[in-house]
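Data block below; observations after.
The values are calculated or read from the model by the stated rules, or taken from the named source; none is laboratory data. Given the structure is predicted, the values throughout are model-derived calculations rather than measurements. So basically every Cβ, Gly included, is an ideal-geometry build from the backbone, and we count neighbours across all protein chains shown. Heavy atoms of the whole protein, side chains included, go into the accessibility calculation; ligands, DNA and RNA do not. Shrake-Rupley method; radii C 1.70, N 1.55, O 1.52, S 1.80 Å.
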Amino acid sequence: MSKDSTAKLLNLIEKQRNKKKKEKFSGTFLDYLQIVQKDSTAAKSAHKRLYESILSHGVEKFDESDARYSRFKSGTNVKKYEYFSNEFFGMERVVSKVMNFLKSAAAKGEESRQVLLLMGPVGAGKSALVEHIKTALESETFYHLKDDPQRGDPLHLVPRSLRKDFEKILGIEIEGDISPVARYRLLEDLDGKYENYPVIESTFSQRARRGIAVVPPMDANSQDTSVLIGTEDISKLDLYPEDDPRILSLNGAFNVGNRGIVEFVEIFKNEIEFLHIILTATQEKRIPSPGKNAMIHFDGVILSHCNEAEWNRFKSEHTNEAILDRILKIEVPYVLELDQEIKIYEKMINRSDFKNIHIAPHTLKIASMFAIMSRMKESQKCDILTKLKIYNGDDVIEKGRVKKIDINDLKEEAYREGMSGISTRFIMKSIDSAISDSHTNYITPMSIMDSLITQVKEQIISEDDKTRYLEIIQKIIRDEYLSILETEIAKAFITAYEEQAQTLFDSYLDNAECYTTNEKFEDRVTKEERDPDEQFMRSIEEQIGITGSSRDGFRSDVTAYMFSKMRRGDVIKYTSYGPLKEAIESYLISSVKDIARIVTKSKTRDDEQRKKHSEMVETLIESYGYTEDSAQAILTYASNNLWRDS
């Protein structure tokens, strides 16, 4: 390391060391009461502190104009919480349910005496969500009794006979008692003068086991309640009686997590006897102390998570009813929105050392399409690809149909959709494998499809699932990618594509409006009046299978949709109405498909073809995000697969 680098590092160390840290409170209980009188929020319950900590980052309702608003079931109160927005995608419903739980618990509703359980398939984000929730407390501070292993609320010092009077003066409610250790110190060291009891301010810290505790799953042989409630110090049993608080070592999860969070990882992997402490910790807000001491007050948020198989096994035992009654379950399904699923992989790749690898356009889309289709249920209303597009918010009308398929109808018939299928971990392993196997500095949709096929063959145990997944990749996704690729290559050939598409759109809309209202059409250039151009409208509509009697309905729908957008003041573009956009693009692309095929497939090109080919590659690089190598790779794939029979 150079001297300059060493000097810079030392400078950073000194700056951090000299940085003025916020001075934390340290005083007596009487001093603490003055703080509470000025600001009653200094004395918060665990649920309220956590709720307000997350809320402080910002929250907003989904606006009705938001493209994703209509995808949530009507009546669902879904909000966007800023604290989760850059970490979790497509999980707004789950996050809203978690926050509703915390909101009710913060108001001391029944939820404050419940365990929050996140249940879902592997790799759905349960543990990551809990981890992020715990992190919300890391920057928070709280006041507690000094040298109390339970870090109890200072207000618990107030004798019960005076609590009503204190509550009136302070404007807060006091519930709970000090721990046996704090009680011993109060009586023996302070002669019962609780106003002199030392109170300090601390920050929550998972690493320091201060207010945040984690209980990992344990087998029957290693399970010990001391993990939850601490133990007795055997070395002191010869010195003090069994009921003496001085023998207590209160270092269990419920001691450490008091005033904050206790997390149970894969909660139902533990034996039922190990979970009995939850019964009193929730409903009575008390936990047993080791040995023969009194019960200890507990105020904390209990979070847990498990997979569906373990949940079903646990609830099938009728002897578990008492614990089940103290659990509030929130299902955490896989993401079913394509755009949101793509964001998950973009985030994970950007946080890895693979972020410098070029990922060709549509590569993550192809992987995400497979993940989502594997999680979907078959529908009688549409095929699985159409369903994926509808779930993603695309305006889709299947060929031969007039009306759009309602997303809520699809969701109603597919109860518990998203609770099985391919996990995000499986997809990331496939992406990692594709990158590792690549001898270049890029990967393409072709390489990710090959990697997915390999992973399915090697990792999927069920033969039925394996057959279904391979069909999705090799047939549905491959055909869809070829369609995307054909469109993209053809677009690259069209000069001023956007302008041409908009011109076609405007012309169709003028004709359709006049046809629907039974009026004459005025030419935008010549200003002459004439009948709507039936042949032109049909040539557009036939691109998406709108024929015969369905034409009238389609034209009425397009006109009504556009008028509604105009009334709202929205900008009208050719992309505004999905089905019409698809028809216009198909119409445009069909006009250049032949030349695109010839130039792409030709091994020897004349000067004009070479010029067209170079312009196309340049457009793919500048407008679509390819590199020169990845552009050549997809063009080679197109020439071998797209127009094989041409």
**Message:** What is the ratio of the Cα radius of gyration of the stretch 256-338 to 2.2 N^0.38 Å, with N the residue count, to two decimals?
**Reply:** 1.25
**Fill in**
Ordered by number, the GluC sites (Glu not before Pro) in the stretch 1-62 that occupy a DSSP loop and have at most 16 other Cβ atoms within 10 Å are GLU23
**Request:** Kindly give the semi-axes, whole Å and largest first, of the ellipsoid equivalent to the stretch 195-329, taking each as the square root of 5 times a Cα gyration tensor eigenvalue.
**Result:** 28, 18, 14
**Request:** Alpha carbons only, please: Rg and Dmax for the chain, in angstrom.
**Result:** 32.2, 109
**Message:** Just to be sure I understand the model, the point goes 7 Å from the Cα along the line to the Cβ. What's the resulting MET218 to ARG17 distance in nm?
**Reply:** 4.1
**Complete:** Note to self: C-alpha centroids of the stretch 163-227 and the stretch 323-383 sit apart, in Å, by 42
**Prompt:** Ignoring ligands, DNA and RNA, what accessible area per residue does the chain give at 1.4 Å, in Å²?
**Reply:** 51
**Message:** Less than 23 Å apart at the alpha-carbon level, and either on another chain or at least 8 residues along: which lysines does that give for LYS315?
**Reply:** LYS97, LYS126, LYS269, LYS329
**Prompt:** Counting every Cα pair in the stretch 171-210, what percent are over 15 Å apart?
**Reply:** 61
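Inverting the mean 1/r over all pairs of different Cα atoms, compute the Kirkwood radius of the stretch 73-127 and quote it in Å.
This gives a value of 12.5 Å.
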**Request:** Any chance you could list the semi-axes, whole Å, largest first, of the equivalent ellipsoid that the Cα gyration tensor gives for the stretch 103-182, using √(5λ)?
**Result:** 32, 17, 12
**Asked** For labels at LYS565 and ASP432 in the simple 7 Å Cα→Cβ model, what's the distance in nm?
**Response** 4.3
**Asked** Using Cα-only point scatterers and the Debye equation, what is log10 of I(q)/I(0) for the stretch 411-485 at each q in 0.12, 0.21, 0.24, 0.27 Å⁻¹, rounded to two decimals?
**Response** -0.39, -1.03, -1.18, -1.27
**Prompt:** Which whole-Hz couplings ³J(HN,Hα) result when phi for each residue of the stretch 291-301 is put into the Karplus expression 6.51 cos²θ - 1.76 cosθ + 1.60, θ = phi - 60°, listed in order with x for Gly and Pro?
**Reply:** x, 10, 8, 6, 4, 10, 5, 10, 10, x, 8
**Message:** Test of understanding: what is the full-extension gain from LYS611 to LYS527, defined as 0.36 nm times their sequence separation minus their Cα-Cα distance?
**Reply:** 26.3 nm
**Message:** Quick check on the chain: of the DSSP beta bridges with both residues there, what percent are antiparallel, nearest 5%?
**Reply:** 45
**Request:** State the percentage of accessible surface on the stretch 189-323 attributable to carbon and sulfur atoms; use a 1.4 Å probe and exclude ligands, DNA and RNA.
**Result:** 47
**Request:** Could you calculate the contour length gain from ASP409 to ASP353, that is, 0.36 nm times the residue separation minus the distance between their Cα atoms, to one decimal place in nm?
**Result:** 15.9 nm
**Prompt:** Tell me, what is the percent relative contact order of the chain, built from C-alpha pairs under 8 Å that lie six or more residues apart?
**Reply:** 12
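Give, in nm to one decimal, the length gained when the segment between ILE234 and ARG478 is fully stretched (0.36 nm per residue of separation minus the Cα-Cα distance).
81.1 nm
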**Complete:** Projected convex hull area of the stretch 497-584, Cα atoms, direction-averaged, in nm², equals 5.8
**Request:** Would you work out if the stretch 521-570 is rounded, prolate or oblate? Take a ≥ b ≥ c from the square roots of the eigenvalues of the alpha-carbon gyration tensor; rounded if a/c is under 1.5, else prolate when a/b is larger than b/c, oblate otherwise.
**Result:** oblate
**Request:** Express the carbon and sulfur contribution to the solvent-accessible surface of the stretch 511-593 as a percent, rounded to the nearest whole number, probe 1.4 angstrom.
**Result:** 45
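For the stretch 293-412, state the average projected area of the convex hull of the C-alpha atoms over all orientations, rounded to one decimal in nm².
13.8
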